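Single-structure report; data block below.
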Amino acid sequence: MMFPGTHYNPDCGCKACQAFIIKPTLKPIGKPKIMFKKKDKIPEKLKALVAASIKQHALNMGVSHYEIEINWMEKDVMDENGGELLGKMTTDLRYLTGFLNLYPAFVERWEKTGNEEADATIAHEMAHVLIAPLSVLAEKRYITEDEFKDAWESITEKTGRMSCKINLIVKEK
């Protein structure tokens, strides 16, 4: 049994395998489709910042082929340590979709501290998309060695792409 998002067999002709073929390129596979929900009270500048930040970090991390749905939550949520959550990303590896919940605390923090901290929060949440295949493997102990190797190669490829992108940016400066 393969876990969604971990199957990678370039010789297999099925649609699922073909969707996960990793090509050695620095060009993004695509730009993430960004959908907003419950956004009426969110400042336009913040919505634009979040959309641009998601696109940039998705490209940097090699996950620009994911669709990201942004949900502006109406109530704050506390984490397991009693602190306010700014955002929470969950992923659906089968359908290459991320679900980013942004809480009122995120908006309030942005109003107080500005774009840099908001961008750092988005980068952190997008990193969850990057490491999602390994997270699934860590939680599900009944995987085969091949399933683990597939997920390991997937995250390794994404990390390599990210490193190459950073090198290009550094060389440009």
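The values are calculated or read from the model by the stated rules, or taken from the named source; none is laboratory data. Everything numeric in this text was worked out from a predicted model, so none of it was measured. Please note: Cβ atoms are built from the backbone with ideal geometry, for glycine as well, and neighbour counts cover all protein chains shown.
Being over 21 Å from residue 63 (Cα atoms) and more than 13 Å from the chain's Cα centre (by Cα): is that true of residue 171 here? Explain how you work it out, then say what you get.
On the way: over 21 Å from residue 63 (Cα atoms): yes; more than 13 Å from the chain's Cα centre (by Cα): yes.
Against the criterion (over 21 Å from residue 63 (Cα atoms) and more than 13 Å from the chain's Cα centre (by Cα)), residue 171 qualifies.
Whether any residue in the range 18-33 is in contact with a strand residue (DSSP E or B) (Cβ under 7 Å, 6 or more places away or on another chain), surrounded by 15 or more Cβ atoms within 10 Å (Cβ to Cβ), modelled with pLDDT of 90 or more and part of a loop (DSSP other than H, G, I, E, B) is what I want to check. Looking through the range 18-33, none of the residues is in contact with a strand residue (DSSP E or B) (Cβ under 7 Å, 6 or more places away or on another chain), surrounded by 15 or more Cβ atoms within 10 Å (Cβ to Cβ), modelled with pLDDT of 90 or more and part of a loop (DSSP other than H, G, I, E, B).
Cβ-Cβ contacts under 8 Å between residues 6 or more apart (or on different chains), taken from a first residue in the range 94-108 that is under 13 Å from residue 70 (Cα atoms) and modelled with pLDDT under 95 to a second residue that is of a type in the set (Ser, Thr, Tyr) and in a loop (DSSP other than H, G, I, E, B), are listed as 97/66; 98/66. For the range 48-84, enumerate the residues that are touching a helix residue (DSSP H, G or I) at 6+ places or on another chain (Cβ under 9 Å) and acidic (Asp, Glu). Across the range 48-84, the qualifying residues are 74, 76, 84.
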